[in-house]
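Engineer: I'd like to ask some things about the structure below.
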2 protein chains.
Amino acid sequence: MKLLEDRIKKDGQVIGTDVLKVDNFLNHQVDPDLMADLGHEFYRRFSNEPITKILTVESSGIAPAIATAMEFHKPLVFARKHKSLTLKDHLYTATVYSFTKKTSNEIAISRKFLSADDNVLIIDDFLANGQAVEGLMDIIAQAGATLSGVGIVIEKTFQKGRKLLDEKHVRVESLARINAFENGQVIFAPED
Amino acid sequence: MKLLEDRIKKDGQVIGTDVLKVDNFLNHQVDPDLMADLGHEFYRRFSNEPITKILTVESSGIAPAIATAMEFHKPLVFARKHKSLTLKDHLYTATVYSFTKKTSNEIAISRKFLSADDNVLIIDDFLANGQAVEGLMDIIAQAGATLSGVGIVIEKTFQKGRKLLDEKHVRVESLARINAFENGQVIFAPED
């Protein structure tokens with residue numbers, strides 16, 4: 001998506017060889033017009049799927065996910081992160097390891113909001129090692145729901161997340177795909 | 001806002017004498033069409049103010065706040081919660097006590113995203129004791145920014161938050177105002 005690539009070039013900040021900071025338009029300060037554009041594009045790409053729910057993880061996933069849910073007119077459910085959970089009876093839970101923070105969190109979704117009747121579209125801001133998406137897929141499997149696809153705002157192709165999802169034959173649509181960071185510049189993958 | 005009151009009557013769950021659970025349309029599962037309606041209504045009420053930024057706190061505030069930001073076409077900044085912060089140089093921070101969880105969190109916003117030139121509209125899902133809004137007001141004061149108003153989805157008039165804000169002469173617009181819970185029913189304040 002050229003609009004997004006241009007925005008990353010203009011406002012993204014490359015740190016070292018594997019970190020892209022986009023806190024001025026995506027995950028701390030958020031540009032609502034861009035979110036509407038991203039939601040529209042995810043809808044265009046997945047509108048042939050019988051989506052019933054949009055799923056994401058708090059907090060950075062919520063803005064692009066609600067913009068997408070607005071296009072589908074279907075509910076968004078966001079998983080909550082917890083350090084540890086004791087009462088789990090009414091929850092689906094999964095453990096998610098963060099390579100950035102080097103800690104594990106449990107993510108949880110109330111059983112009320114996901115069932116075997118659901119066709120789920122996962123939306124997230126980044127795909128790097130794929131841990132958050134795998135956690136959500138675990139929860140979708142527990143609910144007996146169907147995963148229709150995964151929509152990612154920014155994918156880092158050089159980390160293992162995309163490969164993991166391809167091996168599981170999951171349909172992934174990433175609006176910007178980054179192959180590398182070189183000399184502080186972002187090298188995008190060629191458009192499909 | 002009648003649409004919201006009707007939704008609370010239909011889908012809200014009263015627990016005891018002071019808790020309203022709205023996790024099926026506002027703060028876990030989120031109805032995107034309702035968010036768009038709330039955003040539209042906040043815009044209608046505050047469009048006479050020279051708003052430059054929308055401010056909220058992760059995570060439950062993000063959905064109504066981004067919907068509002070979409071109407072104003074101005075950036076949303078969401079404060080992040082931390083258990084404790086060591087490096088604070090580039091951040092505005094405030095301490096927020098949660099009466100529900102009986103714990104304190106620090107909330108933080110990068111100094112890059114708030115300045116003396118900003119006119120800020122705070123949006124949050126609930127106003128109860130007003131701790132989150134007071135934390136954001138503290139941060140706005142640190143930045144030398146101007147608070148234009150506070151937009152609340154659901155206010156509990158019988159807790160102290162609204163009184164605190166009225167005493168500080170802050171303009172508050174709440175889309176649903178709850179006076180009490182009686183026998184599991186929600187008693188709304190009369191519309192202005």
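The values are calculated or read from the model by the stated rules, or taken from the named source; none is laboratory data. A quick note: this is a predicted structure, and the numbers were derived from the prediction, not measured. Reconstructed Cβ throughout: ideal geometry from the backbone, glycine too, with neighbour counts over all protein chains shown.
Engineer: Checking A:D166 against (1) crowded, with 20+ Cβ neighbours inside 10 Å; (2) without any contact (Cβ under 8 Å) to a residue 40 or more places away in the chain, which test does it fail?
Structural biologist: Just one mismatch for A:D166, condition (1).
Engineer: Oh, and also: Please report, ordered by residue number, the strands (runs of 3 or more DSSP E) entirely within the stretch A:75-115 with at least 1 residues that are touching a residue at least 60 places away in the same chain (Cβ under 8 Å) and in contact with a helix residue (DSSP H, G or I) (Cβ under 8 Å, 6 or more places away or on another chain).
Structural biologist: Values: elements: A:76-82, A:91-98, A:103-110.
Strands (runs of 3 or more DSSP E) meeting the threshold: A:76-82.
Engineer: Please go through the stretch A:114-142 and give me each residue that is surrounded by 18 or more Cβ atoms within 10 Å (Cβ to Cβ) and either in contact with a His (Cβ under 7 Å, 6 or more places away or on another chain) or within 22 Å of B:D23 (Cβ to Cβ) (or both), ordered by number.
Structural biologist: Correct list: A:L114, A:D118, A:V120, A:L121, A:I122, A:I123, A:D124, A:A132, A:G135, A:L136, A:I139, A:I140.
Engineer: Regarding the stretch B:91-107, can at least one residue be identified that is touching a strand residue (DSSP E or B) at 6+ places or on another chain (Cβ under 9 Å), buried (at least 24 other Cβ atoms within 10 Å of the Cβ) and within 11 Å of another protein chain (Cβ to nearest Cβ)?
Structural biologist: No: the stretch B:91-107 contains no residue that is touching a strand residue (DSSP E or B) at 6+ places or on another chain (Cβ under 9 Å), buried (at least 24 other Cβ atoms within 10 Å of the Cβ) and within 11 Å of another protein chain (Cβ to nearest Cβ).
Engineer: Could you list all residues from the stretch B:45-65 that are free of Cβ contacts under 8 Å to residues at least 24 places away in the same chain and surrounded by 24 or more Cβ atoms within 10 Å (Cβ to Cβ)?
Structural biologist: Once the filter is applied, which keeps residues that are free of Cβ contacts under 8 Å to residues at least 24 places away in the same chain and surrounded by 24 or more Cβ atoms within 10 Å (Cβ to Cβ), the stretch B:45-65 yields only B:I62.
Engineer: Something else now. I'd like to check something: does the stretch A:34-44 contain any residue that is modelled with pLDDT under 95 and either surrounded by fewer than 21 Cβ atoms within 10 Å (Cβ to Cβ) or of a type outside the set (S, T, N, Q) (or both)? Even if it seems obvious, please write down each step before you answer.
Structural biologist: Within the stretch A:34-44, the subset modelled with pLDDT under 95 is none.
No, the stretch A:34-44 contains no residue that is modelled with pLDDT under 95 and either surrounded by fewer than 21 Cβ atoms within 10 Å (Cβ to Cβ) or of a type outside the set (S, T, N, Q) (or both).
Engineer: To continue, here is another question. Could you check how many residues of the stretch B:169-187 are in contact (Cβ under 8 Å) with a residue 40 or more places away in the chain and crowded, with 17+ Cβ neighbours inside 10 Å?
Structural biologist: The qualifying residues number 8.
Engineer: Still on this structure: I'd like the full set of residues that are modelled with pLDDT of 95 or more and either polar (S, T, N, Q) or within 20 Å of A:F46 (Cα to Cα) (or both), limited to the stretch A:168-184.
Structural biologist: Answer for the stretch A:168-184, where residues must be modelled with pLDDT of 95 or more and either polar (S, T, N, Q) or within 20 Å of A:F46 (Cα to Cα) (or both): A:K168, A:H169, A:V170, A:R171, A:V172, A:E173, A:S174, A:L175, A:A176, A:R177, A:N179.
Engineer: If you scan the stretch B:119-128, which residues turn out to be farther than 18 Å from A:S59 by Cα and more than 14 Å from chain A (Cβ to nearest Cβ)? Walk me through it before giving the result.
Structural biologist: Here is the first cut: in the stretch B:119-128, the residues farther than 18 Å from A:S59 by Cα are B:119-121, B:127-128.
Scanning the stretch B:119-128 gives B:N119, B:L127, B:A128.
Engineer: Filter the stretch A:133-154 down to residues that are closer than 16 Å to A:V57 by Cβ and part of a strand (DSSP E or B), then give me how many there are.
Structural biologist: Residues that pass the stated criteria total 6.
Engineer: Can you tell me which condition A:A116 does not meet? The list is (1) away from chain B (no Cβ under 14 Å); (2) under 22 Å from A:L164 (Cβ atoms), and all the others hold.
Structural biologist: Going through the list (1) away from chain B (no Cβ under 14 Å); (2) under 22 Å from A:L164 (Cβ atoms), A:A116 breaks only (2).
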